[in-house]
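Everything on this sheet refers to the single structure shown next.
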Amino acid sequence: METFKTKQEAFITGIRHFAPIVPGVIPFGLVYGVAATAVGITPLQGIFMSIVVLAGAAQLVAIELLGSGAAAWIIILSATMVNLRFLIYSASLTPYLKPYSLWWRIGLGYFITDQPYALSIAYFTEHPDAPHKQWYQLGHSLMLWFWWIVACAMGLFLGDFIPAEWGLTFAIPLMFIGIAVPAIKNRTFLVAAVVSAIVALFAAPLPNNFGLIIAVACGMTVGVLIGDDEE
Amino acid sequence: MNLFLLFILIGLFTLAERLSFLVFLGNWEMPPIFLKALRYAPVTILFALVSPSILRTDGMIAISFSPKIIAGIAAILIAWRTRNILMTIAGGMLIFWLCQWIFSI
């Protein structure tokens, strides 16, 4: 990859780099929109959520929990935990974005999600001295934002026309499986996941979905206690 | 709680995570134990959500195979082999519908 001479060039390259990712973003947004409609969320509320949260997995976790009548604090805590990876993204982008103004860092920070992070960190590690890094990141971040909102809106409007008998809300746990299984990097992750799943299964009758928090605490504790080499 | 307020709160906590190091913490290094625990958070919470939604029906732990259990196991296998989220959802839904149809005959 070449480095950029002008900020326009950096911005356009960011947009171009995101283009191949667009087809992967759209189905997520559709699933989110349809699932949100199924638990009684209006298109306006659903789009509002996509703008203020801007994180697919966390949005779906919140939807799933809303559907099961969880307490607000459990929903907030769960969504926040799903997004804990953003701490790591934020930390690893900091060395490259530190030179830019506070407003740039706040603006780009708002957009931090999986795909833009992956594009940026790949480019920045390869070209640590490239100029106009902020414009490159803004380019692909805006692409993600635009397509995410469009896809969510489509799903939210389509949701009304999809019969409940199709059981499309089952796509949510399937999506969680699709995200979580590849994230099992070694045996410790597997044990932590299984412990959490078993505790969650038996603790599910606890009010307000409190069992979820207990399950995650158990899984994480077991993971830390066993430990693994990929530190 | 008002849904708009709920979404704003989730958004604010998420924004705090996104801006954590970029804006607030700069060079601060997280305690290693915290970093370690953090790595297991997404996987454990997702599995904690998946297991009751697949293995429980009507508030009871399922004791026989249901379409959801079969499709869930299939989805885990697909996710493990392909590492592709869309394939996992598509395959899981197809098997789910197929089982529902077979079970209804």
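The values are calculated or read from the model by the stated rules, or taken from the named source; none is laboratory data. Here the structure is a predicted model, which is why all the values come from computation and not from measurement. Ideal geometry is used to build each Cβ from the backbone, glycine not excepted, and the neighbour counts take in all protein chains shown. With ligands, DNA and RNA removed, areas are computed over all heavy atoms of the protein, side chains included. Shrake-Rupley method; radii C 1.70, N 1.55, O 1.52, S 1.80 Å.
Okay, here's what the table says:
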quantity: Of all residues making up the stretch A:185-202, the number that are surrounded by fewer than 19 Cβ atoms within 10 Å (Cβ to Cβ) and more than 28 Å from B:Gln100 (Cβ to Cβ); calculated: 5
quantity: Residue identified as over 14 Å from the mean Cα position of the chain (by Cα) and either within 25 Å of A:Phe48 (Cβ to Cβ) or aromatic (Phe, Trp, Tyr) (or both) among A:Trp104, A:Trp148; calculated: A:Trp104
quantity: Failed condition for B:Gly91, given (1) at pLDDT below 90; (2) more than 7 Å from chain A (Cβ to nearest Cβ); calculated: (1)
quantity: Criterion (β-branched (Val, Ile, Thr) and open to solvent by 40 Å² or more (accessible area, probe 1.4 Å)) met by exactly one of B:Ile54, B:Ile45, B:Ile95, B:Ile10; calculated: B:Ile95
quantity: Some residue of the stretch A:176-184 being in contact with a Leu (Cβ under 8 Å, 6 or more places away or on another chain), within 8 Å of chain B (Cβ to nearest Cβ), open to solvent by 50 Å² or more (accessible area, probe 1.4 Å) and under 22 Å from B:Thr88 (Cα atoms); calculated: yes
quantity: Qualifying residue in the stretch B:62-72 (condition: under 16 Å from the mean Cα position of the chain (by Cα), assigned to a helix (DSSP H, G or I) and not small (Gly, Ala, Ser)); calculated: yes
quantity: Yes/no for A:Thr125 being loosely packed, with under 15 Cβ neighbours inside 10 Å, assigned by TED's automatic domain parsing to the domain that holds A:Leu30 and among the β-branched types (Val, Ile, Thr); calculated: yes
quantity: Qualifying position, being closer than 14 Å to B:Ala37 by Cα and either buried (at least 20 other Cβ atoms within 10 Å of the Cβ) or assigned by TED's automatic domain parsing to the domain that holds A:Trp73 (or both), among A:Gly223, A:Gly211, A:Gly227; calculated: A:Gly223
quantity: Condition broken by B:Ala16, with the remaining ones in (1) surrounded by fewer than 15 Cβ atoms within 10 Å (Cβ to Cβ); (2) more than 8 Å from chain A (Cβ to nearest Cβ) satisfied; calculated: (1)
quantity: Whichever residue in the stretch A:72-116 is of a type in the set (D, E, K, R) and modelled with pLDDT of 85 or more and, among such residues, is nearest to B:Ala48 (Cα to Cα); calculated: A:Arg105
quantity: Residue list for the stretch B:94-105, restricted to those being modelled with pLDDT of 95 or more and of a type outside the set (A, V, I, L, M, F, W, C); calculated: none
quantity: Meets criteria (touching a Cys at 6+ places or on another chain (Cβ under 8 Å), more than 7 Å from chain A (Cβ to nearest Cβ), open to solvent by 30 Å² or more (accessible area, probe 1.4 Å) and in contact (Cβ under 8 Å) with a residue 24 or more places away in the chain) for B:Ile70; calculated: yes
quantity: Filtered residues of the stretch B:27-42 (kept if more than 7 Å from every other protein chain (Cβ to nearest Cβ) and open to solvent by less than 30 Å² (accessible area, probe 1.4 Å)); calculated: B:Met30
quantity: Helices (runs of 4 or more DSSP H) (entirely within the stretch A:45-153) containing at least 1 residues that are facing another protein chain (nearest Cβ under 9 Å); calculated: A:56-67, A:72-82, A:85-97, A:102-110
